[in-house]
Amino acid sequence: MIDARTPDRPALRRIGLRIALFSTVVAIPVLTGCGEAGGTSGGDAADQPVPISVGQEVRTAQIRIGGVEVTAEIADNEELRAKGLMNRDSLAENHGMLFVYGAAQVRSFWMRNTRIPLDIAFIDANGVIINIEPMEPQSDENYYSQGPMMYALEMDQGWFEANGVGPGDRLEF
């Protein structure tokens with residue numbers, strides 16, 4: 001006889017296994033897409049930004065970073081941020097991706113499934129660059145913001161230095 005106050009251990013084990021399995025299934029798409037890095041390119045139609053899902057358009061915006069105008073793809077939801085610029089071969093001149101979050105916190109990015117070297121500028125809630133990190137292609141190394149960030153801008157590696165943009169410079173929409 002099972003006392004109602006005593007947990008049914010096999011049932012608890014089954015529940016725990018279901019939770020672990022569910023967590024694994026949910027985590028796999030997130031982990032494979034967390035690269036949040038990659039590239040876009042100019043040129044023919046095959047090199048243009050590709051929608052994440054059928055019917056979903058890639059949105060771009062003209063922004064200024066450190067006074068330099070940039071065309072940025074906007075990644076402002078989980079699906080777009082997870083896919084990022086992965087699986088692309090290059091970036092068009094002065095093009096990148098702006099990751100937008102709802103709250104500022106310390107975050108990290110990696111370069112899984114990313115074929116081109118990128119730099120990432122971590123930007124706080126006031127639009128000020130906190131730090132810029134060079135990121136190597138096809139790497140699972142984590143690149144961290146040095147403080148709470150609300151935006152991240154990925155550009156070709158060397159772009160920030162070549163354009164005189166650095167920590168303390170401001171993002172303008």
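Read-outs: derived from the displayed coordinates by stated rules, not from any lab. It should be emphasised that the depicted structure is a prediction, and the values quoted were computed from it without experimental measurement. Please note: Cβ atoms are built from the backbone with ideal geometry, for glycine as well, and neighbour counts cover all protein chains shown.
Here is a list: 92, 152, 121, 103. Which entry is outside any loop (DSSP other than H, G, I, E, B), among the hydrophobic types (A, V, I, L, M, F, W, C) and more than 12 Å from the chain's Cα centre (by Cα)? None of the other options fit; the residue is 103.
Taking the criterion of being surrounded by 19 or more Cβ atoms within 10 Å (Cβ to Cβ) and touching an Asp or Glu at 6+ places or on another chain (Cβ under 6 Å), the residues of segment 112-129 that qualify are 112, 118, 120, 129. Residues of segment 65-89 that are without any contact (Cβ under 8 Å) to a residue 60 or more places away in the chain and in a loop (DSSP other than H, G, I, E, B): 76, 77, 86, 87, 88, 89. Report yes if residue 140 is of a type outside the set (A, V, I, L, M, F, W, C) and outside any loop (DSSP other than H, G, I, E, B), otherwise no. Against the criterion (of a type outside the set (A, V, I, L, M, F, W, C) and outside any loop (DSSP other than H, G, I, E, B)), residue 140 does not qualify.
Taking the condition part of a strand (DSSP E or B), more than 18 Å from residue 74 (Cβ to Cβ) and either in contact (Cβ under 8 Å) with a residue 60 or more places away in the chain or hydrophobic (A, V, I, L, M, F, W, C) (or both), does residue 130 pass? Taking the combined requirement at face value, the residue satisfies it. Considering only residues that are surrounded by 15 or more Cβ atoms within 10 Å (Cβ to Cβ) and of a type in the set (S, T, N, Q), look in segment 130-173 and name the one that is farthest from residue 108 (Cα to Cα). So the residue we want is 163. When you check residue 162 against the structure, is it of a type in the set (Gly, Ala, Ser) and touching a residue at least 24 places away in the same chain (Cβ under 8 Å), yes or no? Against the criterion (of a type in the set (Gly, Ala, Ser) and touching a residue at least 24 places away in the same chain (Cβ under 8 Å)), residue 162 does not qualify.
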